[in-house]
1. What number of residues within the stretch 39-51 satisfy the criterion of being in contact with a helix residue (DSSP H, G or I) (Cβ under 8 Å, 6 or more places away or on another chain) and either part of a loop (DSSP other than H, G, I, E, B) or exposed (fewer than 14 other Cβ atoms within 10 Å of the Cβ) (or both)?
2. When you look at residue 18, is it modelled with pLDDT under 90 and more than 26 Å from residue 2 (Cα to Cα), yes or no?
3. Can you tell me which residue is nearest to residue 34 (Cα to Cα) among those in the stretch 59-84 that are out of contact with any helix residue (DSSP H, G or I) (no Cβ under 7 Å at 6 or more places or on another chain) and assigned to a helix (DSSP H, G or I)?
4. For the stretch 55-77, how many residues are more than 17 Å from the chain's Cα centre (by Cα), surrounded by 12 or more Cβ atoms within 10 Å (Cβ to Cβ) and either in contact (Cβ under 8 Å) with a residue 60 or more places away in the chain or closer than 25 Å to residue 29 by Cβ (or both)?
């Protein structure tokens, strides 16, 4: 919170956070002789408003999942195949987003005209849902 850009909490706050992240990571990568810095952007992220992606472009951050056309569903399936517990996949990545969610929520509830707040959800579940018939429970 030392940066005035963070404290201002503007709609492009993710840009400022990612700008600092990519600046630091590219410096570390360069010092260690690492050829590329990558992020986890996937093909489903292209249509979202993502100010942080602008910072990534400014530092030539590569997005191999998006470049290969991998969707969120593809990433989840790969995680399953690698033995990453599906019930832990979302929380592992959600932890890093908690600060942004809190900032977004604070922004919403501070608006006197806000009547309903609904978090935006993209994931619609797996294609197959296992269930046990009520008679067999």
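1. Matching residues across the stretch 39-51 total 6.
2. no
3. Result: 64.
4. 2
The rows are residues; the columns are (1) part of a helix (DSSP H, G or I); (2) farther than 30 Å from residue 24 by Cβ; (3) touching a strand residue (DSSP E or B) at 6+ places or on another chain (Cβ under 9 Å); (4) at pLDDT 80 or above.
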{"site": "53", "(1), (2), (3), (4)": "yes, no, no, yes"}
{"site": "93", "(1), (2), (3), (4)": "yes, no, no, no"}
{"site": "98", "(1), (2), (3), (4)": "yes, no, no, no"}
{"site": "103", "(1), (2), (3), (4)": "yes, no, no, no"}
{"site": "112", "(1), (2), (3), (4)": "no, yes, no, no"}
{"site": "131", "(1), (2), (3), (4)": "no, yes, no, no"}
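The values are calculated or read from the model by the stated rules, or taken from the named source; none is laboratory data. Since the structure is predicted, the reported quantities are computational estimates derived from the model, not experimental observations. When we count neighbours, we look across all protein chains shown, and the Cβ atoms used for this are built from the backbone with ideal geometry, even at glycine.
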